[in-house]
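The values are calculated or read from the model by the stated rules, or taken from the named source; none is laboratory data. Just so it is clear, the structure is predicted and the values come from calculations on it, not from any experiment. So basically every Cβ, Gly included, is an ideal-geometry build from the backbone, and we count neighbours across all protein chains shown. Remember, those area values only see protein heavy atoms, side chains included, never the ligands or the DNA or RNA. Shrake-Rupley method; radii C 1.70, N 1.55, O 1.52, S 1.80 Å.
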Amino acid sequence: MTYRIAVLPGDGIGPEIMPAAQRVLSEVGDFEFHEYAIGAAALRARGLPLPPDTVSGCRESDAVLLGAVGTGVQPTDPAAPRAEQGLLELRSVLGLFANLRPVRPLPALRAASPLRSAYVDGVDLLVVRELTGGLYFGDRGRSGAGARQRAHDTCQYTVAEIERVARVAFELARRRAAARGRPPLLASVDKANALETSRLWREVVTRLAAHEYPDVTVEHVLVDTAAMLLVTAPARFDVLLTENMFGDILSDEAAALAGSLGLLSSASLPALPHPGRPVPGSLFEPVHGSAPDIAGKGIASPLGMILSAALLLRHGLGLEAEADAVEGAVERAVGVGLRTHDLGGTDDTEAATRAVLSALSSSPGRRPE
Ligand code: IPM
Ligand code: MG
């Protein structure tokens, strides 16, 4: 079977790390890659951050692989199109409401974490971030002028939007618990002491827990407390469910636990994933972003991109064994000394890619018949 993958390298280090994921994928299966423009690169070439053929190309593919979007510089004219709009629009038009960001520090990298090992030991969590609602997509605008000029963004959630992403989190909490031999645990993060959307969020999660997931232990954690607990007691979390904006912030914080944001991958899905079954039309991207400060130097870590390709194999195509093989190869490569610049080492993008490919060539999950 040949899979068709839409490749969106985007901006900054995106085009530098994308080939690493393509090379790794080609080691474990048959892929046809079709490249499309997004972000600032698309703005420069086509005048739009998300050209229509990018959307149709994504729709015609089995899965979408994205590098990064953004230049690090926001336009001074508030009306000018922004690179990030391309990514937000794409998430919206593809209906990618569930964003999974797994955080599991590699044993070999405990020393790279800013936290002492005693805190990082046992950290294995999954952030489930709502991705197509909330402040990012609410009514917004500006009015007035001078000191009276005002701007607003609004946060809205419907019961249906909360239910569908909460179900993904509940189901994954159950599955992770079964795989790890422990009781299912879900922390739902909100700001119910201040926000109406958060009060609705909490009501919906409480009702789902009682009616559909009585076996899952649910705790409701205020977002400020969650931010503190992620650095004082991160191992107490398993699945963290939260709305779009809180999830953006907490997932970067959680990622730092792993030693570097450069290692984190994400899956953005339009439906609940089932083991061994594909979720067509999903998008996979590293969490780190375009890193304009190191772009063009060939030193960016490709590991978050490669691990996003592993999530593409698992959730996008239902290829569990191949996903395990790629994740295992990254872990072994790091285990025998691969250290990219973000981890204090000297391995550049090419050296890191080769180290993973070489670890992969000795793994059992290669080229299934
Ligand atoms: C992320 C990024 C994006 C977001 C930006 C680039 C719009 O920070 O994927 O976490 O805020 O969702
Ligand atoms: Mg972010």
Helix-only mean residue ellipticity at 222 nm, the chain, DSSP H runs n ≥ 4 weighted -39,500 (n - 2.57), per residue, nearest 500. What is it?
-12500 deg cm²/dmol
For residue 221, the residues 5 or more places away or on another chain with a placed amide H closer than 5 Å to its own amide H are 188, 189, 190
Carbon and sulfur: what percent of the range 86-213's accessible surface (1.4 Å probe)?
52 percent
In whole angstrom, note down how far apart the Cα centers of the range 179-251 and the range 11-64 are.
33 Å
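Can you give me the orientation-averaged projected area of the convex hull built on the Cα atoms of the range 128-248, in nm²?
8.7 nm²
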So what's the convex hull volume per residue for the Cα atoms of the range 216-320, in Å³?
137 Å³
Might you work out the accessible area of residue 33 for me, using a 1.4 Å probe with all protein chains in place, and round it to the nearest 10 Å²?
60 Å²
Which three extents, in angstrom, do the Cα atoms of the range 224-284 have along their principal axes, listed largest first?
38, 23, 21
Pulled fully out, how much extra length does the chain show between residue 361 and residue 93, if you take 0.36 nm times their separation in residues and subtract their Cα-Cα distance?
92.7 nm
So, in nm, how far is label residue 118 from label residue 321 when the simple model puts each one 7 Å beyond its Cα toward the Cβ?
4.4 nm
How big is the Cα convex hull of the chain in projection, averaged over all directions, in nm²?
18.8 nm²
Debye, to nearest 20: dipole size of the chain, +1 on Lys, Arg Cβ, -1 on Asp, Glu Cβ:
380 debye
Of all the Cα-Cα pairs you can form in the range 1-56, what percent are over 14 Å apart?
56 percent
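Given an 8 Å cut-off on Cα distances and at least 6 residues of separation, report the relative contact order of the chain as a percent.
Over the chain, the number comes to 21 percent.
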Work out the P(r) tail for the range 77-161: percent of alpha carbon pairs separated by more than 17 Å, whole number.
67 percent
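For the chain, what is the accessible area per residue in Å² when the probe is 1.4 Å?
It amounts to 42 Å² per residue over the chain.
Hey, got the dipole for the range 212-350? About the Cα centre, +1 on K and R Cβ, -1 on D and E Cβ, debye to the nearest 20?
240 debye
In square nanometres, what is the average projected area of the Cα convex hull of the range 42-103?
Hull-based average projected area comes out at 5.6 nm².
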Magnitude of the Cβ-charge dipole of the range 145-261, K/R +1 and D/E -1, about the Cα centre, nearest 20 debye?
160 debye
